[in-house]
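The values are calculated or read from the model by the stated rules, or taken from the named source; none is laboratory data. This structure is a prediction, so every number in the text was calculated from the model and none was measured. Please note: Cβ atoms are built from the backbone with ideal geometry, for glycine as well, and neighbour counts cover all protein chains shown.
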Amino acid sequence: MPENALDQAGEARLFEALRHFWHPVLWADELADGPVGATLLDEPIVVVRLGDGVAAFRDLCVHRGTALSLGWVVDEQLVCAYHGWTYDRDGICTRIPATHGDNIPRKARLVRYRAAERHGLIWVCLSEGEPAMPIPEFPEYEDGAYRLIKIPSYDWACSAARRIENFVDFSHFPWVHEGILGDRSRPEIPDHEVTRNATTLRFELGVEEPANPLKADVADGKVQRQPSVYTLSMPFSVHLDQPLPDGRHFVLFLATSPVGAKRTRSFTWNARNYQLDPSEDQGFVDFQQAILEQDRVVVESQRPEELPIDLTQELHIRGVDRVSIDYRRWLAEIARGA
Ligand code: FES
Ligand SMILES: [Fe+2]
């Protein structure tokens, strides 16, 4: 086998198994009166508000295969742009304008998916059965003490698992983010436990960071942080709560969407309960975007683009890479249908 050969069959099973989970596909405020197209796990889908709910369908009219995302909404129903076939929120065709009478074939119904609006995002699950896990939690979204800002969504040419592993990889801070999140003269990673719960991996780690006015540091130099609490909700979301002095919290909620096996869209909320003035927002966005651009270059270079779930691929250092090891093991269980 070539040196970094991938367990192709295992990766394909994982890709298929991902249909059983909720994934974010759009910011909720991107979805106004009309339908919007998106791609999830290589499947073109259309998302639309019909009445007081959100519906998701395969983006394909059953008449002639036209993209329904070209259509529009009339009386809480979705109208196809080509011949006006009209579908209700269950995806059942209720009107074929060209026919006289009510001669609608029984098979005239769309492939419908589960859809939900939560945390300012639209989530979709492609499987017919119950989703394997609930939508991840983000308590600060409902907490009036926090100011929430969106980091503009971005697409990377990598798998969602590579993107998530990068977010929970601590030992790259001094190398990729020197002077911002780390220091090359202090590259060691403190020991940490990883706890597996029903749907999450939780771990805490306190790093030493360069002082940052966005985290209310006043002096220059380095700051030893209290442990940040990471909650990785399987498969592709992470909640990071970084406690700062005097009850301040810097929070990131990252929810990623597996557009395809090698393409990932990331949605990020940044929440804070200090420096609440909106004039401060842009500094927080700029800070995230500077870090993200440093990460993107490295992550998009990784081969294979998939995160190998076979632990004999790539090398893992006990202790340092603990989170990655547990994460990959869990993905392998999902691939096996466990
Ligand atoms: S293709 Fe949609 S109505 Fe004909
Ligand atoms: Fe990074």
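Go through the residues of segment 301-320 one by one and say whether even a single one is touching a strand residue (DSSP E or B) at 6+ places or on another chain (Cβ under 8 Å), in the same structural domain as residue 172 (by TED's automatic domain parsing) and touching a residue at least 60 places away in the same chain (Cβ under 8 Å).
no
Out of the residues in segment 24-54 meeting the condition of being farther than 30 Å from residue 158 by Cβ and part of a strand (DSSP E or B), tell me which one is farthest from ligand 1 (Cβ to nearest atom).
So, considering only residues that are farther than 30 Å from residue 158 by Cβ and part of a strand (DSSP E or B), the one farthest from ligand 1 (Cβ to nearest atom) is 53.
For residues in segment 105-115 being out of contact with any helix residue (DSSP H, G or I) (no Cβ under 8 Å at 6 or more places or on another chain) and crowded, with 16+ Cβ neighbours inside 10 Å, which is farthest from residue 138 (Cα to Cα)? Spell out how you get there, then give the answer.
So in segment 105-115, the residues out of contact with any helix residue (DSSP H, G or I) (no Cβ under 8 Å at 6 or more places or on another chain) come out as 105-109, 111-115.
Now restrict to residues that are crowded, with 16+ Cβ neighbours inside 10 Å: 108-109, 112-115.
Numbers: 108: 39, 109: 35, 112: 27, 113: 23, 114: 20, 115: 18 Å.
Looking at the filtered set, the residue picked out is 108.
Could you please tell me which pairs satisfy a Cβ distance under 7 Å, a separation of 6+ or placement on different chains, a first residue in segment 100-119 that is under 19 Å from residue 79 (Cβ atoms), and a second residue that is crowded, with 16+ Cβ neighbours inside 10 Å and charged (D, E, K, R)?
As it stands, the answer is 110/58; 111/58, since those pairs meet every condition given.
What about residue 104, is it within 16 Å of ligand 2 (Cβ to nearest atom) and either modelled with pLDDT under 95 or not assigned by TED's automatic domain parsing to the domain that holds residue 27 (or both)?
Criteria not met by residue 104.
Taking the options 143, 102, name whichever one is of a type in the set (D, E, K, R) and over 27 Å from residue 281 (Cα atoms).
On the way: 143 fails: over 27 Å from residue 281 (Cα atoms).
On inspection, the qualifying residue turns out to be 102.
Could you list, in sequence order, the residues of segment 264-279 that are in contact (Cβ under 8 Å) with a residue 40 or more places away in the chain and of a type in the set (D, E, K, R)?
Hits for segment 264-279 are 265, 272.
For every residue, the table says whether it meets (1) touching a residue at least 24 places away in the same chain (Cβ under 8 Å); (2) within 22 Å of residue 264 (Cβ to Cβ); (3) of a type outside the set (Lys, Arg).
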residue: 23; (1), (2), (3): yes, yes, yes
residue: 37; (1), (2), (3): yes, yes, yes
residue: 43; (1), (2), (3): yes, yes, yes
residue: 47; (1), (2), (3): yes, yes, yes
residue: 59; (1), (2), (3): no, yes, yes
residue: 81; (1), (2), (3): no, no, yes
residue: 97; (1), (2), (3): no, no, yes
residue: 123; (1), (2), (3): yes, yes, yes
residue: 133; (1), (2), (3): yes, yes, yes
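What number of residues within segment 206-239 are in a strand (DSSP E or B) and either within 30 Å of residue 18 (Cβ to Cβ) or not hydrophobic (A, V, I, L, M, F, W, C) (or both)?
Going through segment 206-239 one residue at a time, the tally reaches 14.
Quick test for you: out of 152, 136, pick the one residue that is closer than 24 Å to residue 48 by Cα, outside any helix (DSSP H, G or I) and touching a helix residue (DSSP H, G or I) at 6+ places or on another chain (Cβ under 9 Å).
152
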